[in-house]
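Some notes on the structure that comes next.
The values are calculated or read from the model by the stated rules, or taken from the named source; none is laboratory data. Note that the structure is predicted; figures quoted are calculated from it, not measured. When we count neighbours, we look across all protein chains shown, and the Cβ atoms used for this are built from the backbone with ideal geometry, even at glycine.
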There are 2 protein chains.
Amino acid sequence: MPQLSLGNQNSLVSINGNLTPPEEAMVSIFDRGFLYGDSVYEVTLTYEGIPFLLDEHLERLWHSAAGIAMTPTWSKDEIKKFISEGLEAFSKLSDAKRQYIRVIITRGGGEIGLDPSLSNGQNLFIIFRPLPEPIKEYYEKGVDLVVTEVIRTPKKAMDPNVKSGNYLNNVMAIKQAREKGAYDAVMLNDKGFVTESTTANIWIVLGETIITPPIEAGLLGGLTRRTLLQIGMDKGLKIKEQNFSPETLTSASEVFITSSTREVLPVTRINGELIGSGSPGPITKKLHQLYKEFRDQYIKTAQSKL
Amino acid sequence: MPQLSLGNQNSLVSINGNLTPPEEAMVSIFDRGFLYGDSVYEVTLTYEGIPFLLDEHLERLWHSAAGIAMTPTWSKDEIKKFISEGLEAFSKLSDAKRQYIRVIITRGGGEIGLDPSLSNGQNLFIIFRPLPEPIKEYYEKGVDLVVTEVIRTPKKAMDPNVKSGNYLNNVMAIKQAREKGAYDAVMLNDKGFVTESTTANIWIVLGETIITPPIEAGLLGGLTRRTLLQIGMDKGLKIKEQNFSPETLTSASEVFITSSTREVLPVTRINGELIGSGSPGPITKKLHQLYKEFRDQYIKTAQSKL
């Protein structure tokens, strides 16, 4: 095993199960993941050292792989073992409280050509790095979004519910947003309905009803999104999946986005216009609280099984 | 300089101007080209050692880069110098008559995140490999295509006229075609019009008129396509860009596809149905002949300038 260190990427990488410092974490330029973005990935993170919703993330990784007609060579248990080995080695090199884990499977190398049957075997990369602390100001004041002209890739071209190595669509959208000084972009679909931000699901509050676009709108079915829908239904809240227009979005009393890394993040400005009072709303805060309770319970249960 | 050899990829690679055997041609997994397909590329090939239409290919590489808001760090002249050095080294290791050259520029590495401003510098890769001989049977009998359900990514999501590292759309289309035993796929746009095949432009002959879809349909403006349009106009042929449906495609008297590697390749079967007589048509053959004359003249002129 090479001498492990976190290097200037402050990361550790597992390549096909072998731990490697980040400077040596390389992939052949003949790998289809590099040539065509022919890969799938997941990001999860730890709370108290425990990867949150790991089974669900691996389930979705398999779903993404199926979406590009790929069957992972490794079993979920093997990947869990690599993650557990990586986290152990990482904890000896870093005192970070929480860890970011990115799992990438590429269709591998072979003769150059688009046909996936040219592949001679997949490659698996797992990146471990410290998870930065959440930025308090974002949660206290909310973030601002802009609706971009870049539409989300339609399902019939490449399903956005596949988390793949093709992310230029989102890269171009966030670039537009950042140039306007915004935190992130809102992407519409080809029918003009809201889908998601570049790396998070989006929600609005209309009256007492909490709404997020359906997966059929063309978006990634986030695990935080799914968890929140379940919590909302369990608690008897008015919560549902429904298409809405950018006009409905900007006239909502509350807007928030959800993702694994950001949990429930209030949005208080869209296209420069204030949402509601311009401060994070009570329903957003309430949902974040419920999410935290669910999360703490999950971790507690996982710890009791160790 | 490492000991050069063509290895099991039968290639030589120039990485940021440094020649490397293919086994050592690696890229960091933190490179955006790997994580997001955040890269652009071109493929050109040589005739008698001279890269065909190299200026035009580099011009299009710059066009692709602009399409993802990237300005190449290297000048076109620097890239030409690397190509020339690579071809010289390659010729000492291989007796291949003709060479395939793939130029890839990625937005490089940096902190993980979609925002392209996180990049800390681009990376340039040039692959040199032997160009396989054209398969005679394809030209004598024609190839078969199938119209796939996978639509070409719309311009408003990610312009297909940008040759980027996001190719899953085409990978999925060619997979469908190959599973049906076909040579390649025909991809429609979101309005149902024909765009292109997965790596070539498509043409039909209706009466005496030669037609290819306009770039606005959402396709890569191929250099062979452009050359053929120019030749056709110079020769006073009825040649034009116009949208057509898959029904028009299958009822055409001749169909062919064009690309740098295949020049003008006849299509004699689509969705299992014969096109025209089922043999390569006279106009297709005539155009290929005119293309070869143009190409030979280009090479002759280039040689006279050496």
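Evaluation of A:TYR47 against the conditions (1) under 20 Å from the mean Cα position of the chain (by Cα); (2) within 27 Å of A:ASN169 (Cα to Cα); (3) of a type in the set (Ser, Thr, Tyr) shows that the sole unmet condition is (2). Of all residue pairs spaced 6 or more apart or on separate chains, those with beta-carbon atoms under 7 Å, a first member in the stretch B:67-96 that is touching a residue at least 24 places away in the same chain (Cβ under 8 Å) and a second member that is of a type in the set (Lys, Arg) and part of a helix (DSSP H, G or I) are B:ALA69/A:LYS175. Among the residues of the stretch A:212-221, those identified as surrounded by 22 or more Cβ atoms within 10 Å (Cβ to Cβ) and more than 14 Å from every other protein chain (Cβ to nearest Cβ) are A:THR212, A:PRO213.
If you check B:SER251, B:SER197, which single one turns out to be modelled with pLDDT of 95 or more and closer than 25 Å to A:SER39 by Cβ? If you could, list the steps in order and put the result at the bottom.
On the way: B:SER251 fails: closer than 25 Å to A:SER39 by Cβ.
Among B:SER251, B:SER197, only B:SER197 is modelled with pLDDT of 95 or more and closer than 25 Å to A:SER39 by Cβ.
Scanning the stretch B:55-108 for residues that are in contact with a helix residue (DSSP H, G or I) (Cβ under 8 Å, 6 or more places away or on another chain), among the hydroxyl-bearing types (Ser, Thr, Tyr) and exposed (fewer than 13 other Cβ atoms within 10 Å of the Cβ) yields one hit, B:THR71.
Checked against the criteria, B:LYS286 does not count as among the basic types (Lys, Arg), out of contact with any Ser or Thr (no Cβ under 7 Å at 6 or more places or on another chain) and under 22 Å from B:ARG98 (Cβ atoms). Out of the stretch A:178-190, which residues are surrounded by fewer than 24 Cβ atoms within 10 Å (Cβ to Cβ) and either free of Cβ contacts under 8 Å to residues at least 12 places away in the same chain or of a type in the set (Gly, Ala, Ser) (or both)? A:ARG178, A:GLU179, A:GLY181, A:ALA182 - these are the residues of the stretch A:178-190 that are surrounded by fewer than 24 Cβ atoms within 10 Å (Cβ to Cβ) and either free of Cβ contacts under 8 Å to residues at least 12 places away in the same chain or of a type in the set (Gly, Ala, Ser) (or both).
Being part of a strand (DSSP E or B) and outside the structural domain of A:ARG98 (by TED's automatic domain parsing) narrows it down to one of A:PRO266, A:PRO280, so name that one. Can you show your working first?
Numbers: A:PRO280 fails: part of a strand (DSSP E or B).
None of the others qualify; the one that does is A:PRO266.
Would you tally the residues in the stretch A:109-147 being at the interface with chain B (Cβ under 9 Å from one of its Cβ atoms), part of a loop (DSSP other than H, G, I, E, B) and touching a residue at least 40 places away in the same chain (Cβ under 8 Å)? The number of residues fulfilling the criteria is 3. Contact map, the stretch A:284-306: first residue assigned to a helix (DSSP H, G or I), second residue loosely packed, with under 14 Cβ neighbours inside 10 Å and of a type outside the set (A, V, I, L, M), Cβ cut-off under 8 Å, separation 6 or more or different chains; pairs are A:LEU290/A:LYS235; A:ILE299/A:GLU48; A:GLN303/A:GLU48. Within the stretch B:241-260, the set of residues being closer than 21 Å to B:GLU56 by Cα and surrounded by fewer than 16 Cβ atoms within 10 Å (Cβ to Cβ) comprises B:GLU241 only. Only one entry in A:PHE30, A:PHE34 is assigned to a loop (DSSP other than H, G, I, E, B), in contact with a Gly (Cβ under 7 Å, 6 or more places away or on another chain) and within 13 Å of another protein chain (Cβ to nearest Cβ), namely A:PHE30. There is no residue in the stretch B:4-24 that is more than 10 Å from chain A (Cβ to nearest Cβ), in a strand (DSSP E or B), within 18 Å of the chain's Cα centre (by Cα) and buried (at least 17 other Cβ atoms within 10 Å of the Cβ). Among the conditions (1) within 13 Å of chain A (Cβ to nearest Cβ); (2) buried (at least 24 other Cβ atoms within 10 Å of the Cβ); (3) more than 16 Å from the chain's Cα centre (by Cα), the only one that B:VAL194 does not satisfy is (1).
On the stretch given as the stretch A:273-283, residues that are surrounded by 13 or more Cβ atoms within 10 Å (Cβ to Cβ) and free of Cβ contacts under 8 Å to residues at least 24 places away in the same chain total 1. Within the stretch A:205-218, is even one residue in a loop (DSSP other than H, G, I, E, B) and of a type in the set (Asp, Glu)? Yes, the stretch A:205-218 has at least one match.
In the stretch B:148-165, the residues that are over 23 Å from A:GLY192 (Cβ atoms) form Cβ pairs under 8 Å with partners that are aromatic (Phe, Trp, Tyr), at six or more places apart or across chains, as follows: B:LYS163/B:TYR41; B:SER164/B:TYR41; B:GLY165/A:PHE34; B:GLY165/A:TYR36; B:GLY165/B:TYR36; B:GLY165/B:TYR41. In the stretch A:158-182, of all residues being more than 7 Å from chain B (Cβ to nearest Cβ) and part of a loop (DSSP other than H, G, I, E, B), the one that is nearest to the chain's Cα centre (by Cα) corresponds to A:LYS163.
Does B:ARG226 fit the bill of being surrounded by fewer than 20 Cβ atoms within 10 Å (Cβ to Cβ) and within 22 Å of B:GLU42 (Cβ to Cβ)?
Working: surrounded by fewer than 20 Cβ atoms within 10 Å (Cβ to Cβ): yes; within 22 Å of B:GLU42 (Cβ to Cβ): yes.
So B:ARG226 fits the description; yes.
Screening the candidates A:LEU124, A:LEU118 for the property of being aliphatic (A, V, I, L, M), assigned by TED's automatic domain parsing to the domain that holds A:GLU59 and modelled with pLDDT under 95 yields one hit, A:LEU118. Residue-level analysis places B:GLY236 among those that are among the small types (Gly, Ala, Ser) and over 21 Å from the mean Cα position of the chain (by Cα). If you go through the stretch B:287-305 and pick out every residue that is out of contact with any strand residue (DSSP E or B) (no Cβ under 8 Å at 6 or more places or on another chain) and of a type in the set (A, V, I, L, M), you end up with 1. Considering only the stretch B:150-157, I want to know if a residue exists there that is touching a Ser or Thr at 6+ places or on another chain (Cβ under 8 Å), surrounded by 20 or more Cβ atoms within 10 Å (Cβ to Cβ), at pLDDT 95 or above and more than 7 Å from chain A (Cβ to nearest Cβ). No.
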